[in-house]
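Worksheet: the structure to be examined is printed underneath.
The values are calculated or read from the model by the stated rules, or taken from the named source; none is laboratory data. Just so we're clear, the structure is a prediction, and the values are computed from it rather than from any experiment. Positions of Cβ are generated from backbone atoms using ideal geometry, with glycine treated the same way; all protein chains shown enter the neighbour counts.
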Amino acid sequence: MEEIFDLIIIGGGPASMSAGIYAMQTKLKTLLIERNTFGGQIATTSSVDNYLGFQKISGEELSKKMYEHLLSTNIKICNEEVTKTILNENIKQVFTHNNCYKSRTVIIGIGTSIRKLGVDNENKYLGHGLSYSTLNDRDKFQNKCVAVVGGGNSAIEDAIYLSEKVKKVYLIHRRNEFRADRKLVEMLYEKINNNTQIELKLEYKPISIVGENEINQLKIIHIPDEKIETIDVDGIFVAIGRGADTDIIDINVNRNNSGYIITDEQMKTNLPGVFAVGDIRNTPLRQIVTATSDGAIASISALNYIKGNI
Ligand code: NAP
């Protein structure tokens, strides 16, 4: 007979793992689908220092602890990539490349995706000098010249870190004010005043990458006067934040103008039996603590939906 789950959780970040733990506690027949590694964004975060109970822990270690906790519940896990979902019927369908899984309820915990620069050939240079995941790549450019793009905490942290390793860092930001926390910006200016190799390029944005197989140069435009400059760089670190990418989610699930899934406080979407958790929902705060809370609430809501209580 065809297998129908009580709950399918899509994603393996903290919100989804928390949902999994609560679902197993409430004895829901649950399947969790994750295409890649568990932990989501925190798996590549160098250090977490604001999650209750852990004064300072690496993102990798925290992800591992969460994953081990999840496994201890004996939840059914499938390592496949979800390609499509049909969620506006009583029995929801979640498609992967090879399978179609069915369930009474679905929790969407797919997180956010990196934002790309949108310049020509960006994909071609990925892994050949261009990086979005700076943690893994930032030690590769000892004594070379690099550009960091962005003005948030990630970009400033990268620029400061890289300035101690590389010959020169160009920090390219589209405005003349940083979005990053004041403390970090102060650290940045302290570094610059101490003659480290950081050069600020404010009110600039990248327009094209130059190089055959590897990056040699970056063309940037000064936004106020549209003057184009070329800088010599061996690497480009793109740190311009993340956004919602919900292409795999049924078009009938309501999103806000920025593409985030709209939920109420019970994590319910507009479709009965469909819930969203963590960074992909319209939440005022995207942190591990709020994600794990969302996961717990969503699983209890799924249980209540199945019992006919909501
Ligand atoms: P973010 O805060 O969203 O900042 C993105 C930056 O990229 C902004 O300066 C933005 O410019 C710029 N940007 C966006 N789209 C762009 C485009 N198409 N072209 C050029 N520039 C573009 O992203 P984040 O720095 O990755 O941080 C994400 C979250 O993680 C934040 O909540 C942050 O506080 C947190 N975080 C915290 C720490 C820490 O506490 N140590 C470290 C890293 C990250 P505008 O400012 O002009 O919009």
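A few remarks follow.
- Test for Thr37: is it farther than 23 Å from Gly273 by Cβ and in contact with a Leu (Cβ under 7 Å, 6 or more places away or on another chain): no
- The condition (being β-branched (Val, Ile, Thr) and within 30 Å of Asp158 (Cα to Cα)) is satisfied by just one residue among Ile4, Ile42: Ile42.
- Whether a residue is of a type outside the set (D, E, K, R) and modelled with pLDDT under 95 was assessed, and Gly211 passes this test.
- Residue match in the range 114-131 (condition: hydrophobic (A, V, I, L, M, F, W, C), assigned to a loop (DSSP other than H, G, I, E, B), farther than 30 Å from Ser301 by Cα and within 16 Å of the ligand (Cβ to nearest atom)): yes
- Residues that are in contact with a helix residue (DSSP H, G or I) (Cβ under 9 Å, 6 or more places away or on another chain) and over 14 Å from Gly20 (Cβ atoms), drawn from the range 65-106: Arg104
- Exactly one residue out of Asp250, Asp245 is within 16 Å of the ligand (Cβ to nearest atom) and under 30 Å from Tyr305 (Cβ atoms), and it is Asp245.
- Pairs where the first residue, in the range 108-129, is within 12 Å of Val238 (Cβ to Cβ) and the second is among the hydrophobic types (A, V, I, L, M, F, W, C) and buried (at least 17 other Cβ atoms within 10 Å of the Cβ), C-beta under 6 Å, 6+ apart: Arg115/Ile240; Leu117/Val238; Tyr125/Ile209; Tyr125/Ile215; Gly129/Ile215
- Pairs meeting the criteria (first residue in the range 16-31 and in a helix (DSSP H, G or I), second residue surrounded by fewer than 21 Cβ atoms within 10 Å (Cβ to Cβ), beta carbons under 6 Å, at least 6 apart or on different chains) are Ser18/Ala296; Gly20/Ile75; Ile21/Thr73; Tyr22/Ala296; Met24/Thr73; Met24/Ile75.
- Within the range 180-208, considering residues that are touching a residue at least 24 places away in the same chain (Cβ under 8 Å), away from the ligand (no atom under 14 Å from the Cβ) and among the β-branched types (Val, Ile, Thr), the one nearest to Gly118 (Cα to Cα): Ile198
- Scanning the range 276-289 turns up one or more residues that are on the phi < 0 side of the Ramachandran plot, more than 16 Å from the ligand (Cβ to nearest atom) and buried (at least 16 other Cβ atoms within 10 Å of the Cβ).
- Under the condition of being of a type in the set (D, E, K, R), closer than 16 Å to Ser131 by Cβ and more than 12 Å from the ligand (Cβ to nearest atom), the residues counted in the range 145-166 number 1.
- Considering only residues in the range 55-85 that are of a type in the set (A, V, I, L, M, F, W, C) and surrounded by 15 or more Cβ atoms within 10 Å (Cβ to Cβ), the one that is nearest to Val274 (Cα to Cα) turns out to be Val82.
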